[in-house]
1. May I ask you to say which residue of B:Val12, B:Val64, B:Val49, B:Val71 is in contact (Cβ under 8 Å) with a residue 60 or more places away in the chain, more than 9 Å from chain A (Cβ to nearest Cβ) and not polar (S, T, N, Q)?
2. Condition first: closer than 21 Å to B:Cys59 by Cβ, touching a residue at least 60 places away in the same chain (Cβ under 8 Å) and not in a helix (DSSP H, G or I). Can you find one or more residues in the range A:69-81 that meet it?
3. Among A:Arg220, A:Arg260, which is over 30 Å from A:Ala58 (Cβ atoms), touching a Lys or Arg at 6+ places or on another chain (Cβ under 8 Å) and either modelled with pLDDT of 95 or more or hydrophobic (A, V, I, L, M, F, W, C) (or both)?
4. Among the residues of the range B:129-151, write down those that are of a type in the set (A, V, I, L, M, F, W, C), within 14 Å of chain A (Cβ to nearest Cβ) and either more than 17 Å from B:Val43 (Cα to Cα) or in contact with a helix residue (DSSP H, G or I) (Cβ under 6 Å, 6 or more places away or on another chain) (or both).
5. Suppose we filter A:Ala265, A:Ala235, A:Ala239 for residues that are part of a helix (DSSP H, G or I), modelled with pLDDT under 95, aliphatic (A, V, I, L, M) and touching a Gly at 6+ places or on another chain (Cβ under 9 Å); which single one remains?
6. Let me spell it out: the conditions are (1) surrounded by fewer than 22 Cβ atoms within 10 Å (Cβ to Cβ); (2) in a loop (DSSP other than H, G, I, E, B); (3) within 13 Å of another protein chain (Cβ to nearest Cβ), and A:Pro39 meets all of them except one. Which number is the exception?
7. With (1) within 25 Å of A:Ala177 (Cα to Cα); (2) among the basic types (Lys, Arg); (3) not in a strand (DSSP E or B) as the list, and A:Arg202 as the residue in question, which single condition is left unmet?
8. If the requirement is being over 24 Å from the mean Cα position of the chain (by Cα) and of a type in the set (Ser, Thr, Tyr), which of these qualifies: A:Thr277, A:Thr222, A:Thr248?
Amino acid sequence: MKPAAFEYFRPASIDEAIDLLDRHGEEARPIAGGQSLVPTMNLRLATPAVLVDISRIAALQGWRRDGDVVRIGAATRQAALLGDSGFAAAVPLLAMALTHVGHVQTRSRGTIGGSLVHGDPAAEIGLVAATLDAEIVLRGARGERRLPVRDFQLGALATDVAAGELLVEIILPVAVAGTRCAFRELARRRGDFALVAVAAQRTYDRLAVCIGGLEAVPRRCTGLSTRLALEDLDARADAIGRELASVTPLADLHASGDYRRHLAAVLLEDCLREVLT
Amino acid sequence: MKLACTVNGEPVAADVPPRLLLSDFLRHELKLTGTNVGCEMGVCGACTVIVDGEPVRSCLMFAVQADGSTVRTIESLAPDGRLAPLQDAFHRHHALQCGFCTPGILMTLIALADRGALPRTEPEAREVLSGNICRCTGYQAIVDAILEGTR
């Protein structure tokens with residue numbers, strides 16, 4: 001199908017983009033890579049009257065290290081980070097996950113911020129953001145708003161962006177020396193959305209583990225946060241069992257809830273073994 | 001809306017509605033029908049073209065977003081009627097049957113070849129092919145053609 005008609009603007013600066021978004025309110029949507037938005041427009045699931053194309057705003061592109069954090073411009077293309085060895089050294093977990101995001105033809109335009117705002121429950125970038133406790137920076141006509149990603153990810157395809165607001169930056173911690181990461185997922189076809197994905201990062205004795213695709217937003221495995229209790233294989237299996245006991249998994253035609261729960265257990269064990277041993 | 005870009009080396013200027021997809025602009029306005037349109041939702045990869053050196057799904061891009069860009073389509077591969085080496089490898093390995101997916105696969109590979117990043121192993125070839133759906137060949141002949149093209 002073809003998208004419905006819309007008015008198109010291509011602002012040169014963040015201020016100009018925010019001004020356009022503020023002026024058009026609920027009618028307007030920002031577009032960067034368009035890899036999530038345009039399919040929904042082609043299917044007429046989304047019919048924005050105004051598109052504000054932020055893909056050429058230089059201030060929204062690229063990443064930089066700032067002390068012990070990395071700041072990523074929201075319109076930075078996935079392919080740009082994937083080919084960057086400096087970025088892989090700074091945030092290895094995201095670099096690992098990006099190889100699973102879409103295909104070479106979608107990563108060329110798809111952006112970090114676009115995937116985060118779209119909020120697919122199985123999206124890898126949102127999963128890594130949750131695992132690393134990312135900070136989200138939004139800007140609107142009434143100023144800037146910063147919030148932890150756990151408050152930003154509200155539900156399936158639901159994120160806390162108000163009309164007129166623009167996601168401008170994602171802040172992630174730099175991995176200190178000795179950090180161990182693992183990322184595993186199972187998808188029907190390489191590059192498709194995961195049925196279930198697991199991201200894990202260990203810094204000394206502290207573990208951060210999240211599961212994507214299992215619930216509406218990435219699940220933080222708070223029961224799997226200390227290293228000592230998990231080194232023994234049986235103890236680990238028990239902890240994984242306890243973590244998943246209270247989950248009501250998503251289910252669709254691709255995978256039943258029981259199968260997703262089973263996959264989560266397998267992928268958790270794989271990731272934990274990788275970061276612990 | 002005004003649009004100026006370069007398509008297969010030729011300057012193009014047009015006035016198009018913003019909702020016109022790049023795939024439809026190439027096919028309907030420029031009559032470059034070698035780019036095929038399959039799913040029109042970014043899944044099948046048939047419409048892949050090269051924009052500013054990157055392989056992109058032309059059904060997920062509006063023509064106006066290509067303003068100022070350089071676009072390459074399948075028509076650029078054999079301008080004088082002689083097959084490009086990768087096309088020739090596809091031909092010899094019988095890497096196409098109906099041919100609908102072939103332009104998208106070739107343009108993906110050409111974009112990679114231009115930056116020296118063609119797959120060199122079977123797993124790499126299959127990884128690259130994950131973004132293109134072929135319903136005829138079972139992919140094996142395509143993988144063979146790609147690996148021969150790299151040698």
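The values are calculated or read from the model by the stated rules, or taken from the named source; none is laboratory data. In this text, all values refer to a predicted model and were calculated from it rather than measured experimentally. Because the Cβ atoms are built from the backbone with ideal geometry, glycine has one as well, and the counts that use them run over all protein chains shown.
1. Details: B:Val12 fails: in contact (Cβ under 8 Å) with a residue 60 or more places away in the chain; B:Val64 fails: more than 9 Å from chain A (Cβ to nearest Cβ); B:Val49 fails: in contact (Cβ under 8 Å) with a residue 60 or more places away in the chain.
Step by step, each of B:Val12, B:Val64, B:Val49, B:Val71 is checked, and only B:Val71 is in contact (Cβ under 8 Å) with a residue 60 or more places away in the chain, more than 9 Å from chain A (Cβ to nearest Cβ) and not polar (S, T, N, Q).
2. no
3. A:Arg220
4. Taking the range B:129-151 as the starting set, the residues that turn out to be of a type in the set (A, V, I, L, M, F, W, C) are B:129, B:133-134, B:136, B:141-143, B:145-147.
Keeping just the survivors that are within 14 Å of chain A (Cβ to nearest Cβ) gives B:129, B:133-134, B:143, B:146.
Scanning the range B:129-151 gives B:Val143, B:Ile146.
5. Details: A:Ala265 fails: modelled with pLDDT under 95; A:Ala235 fails: touching a Gly at 6+ places or on another chain (Cβ under 9 Å).
Checking each option against the conditions leaves just A:Ala239.
6. Unmet condition: (2).
7. A:Arg202 satisfies all of (1) within 25 Å of A:Ala177 (Cα to Cα); (2) among the basic types (Lys, Arg); (3) not in a strand (DSSP E or B) except (3).
8. Values: A:Thr222 fails: over 24 Å from the mean Cα position of the chain (by Cα); A:Thr248 fails: over 24 Å from the mean Cα position of the chain (by Cα).
Step by step, each of A:Thr277, A:Thr222, A:Thr248 is checked, and only A:Thr277 is over 24 Å from the mean Cα position of the chain (by Cα) and of a type in the set (Ser, Thr, Tyr).
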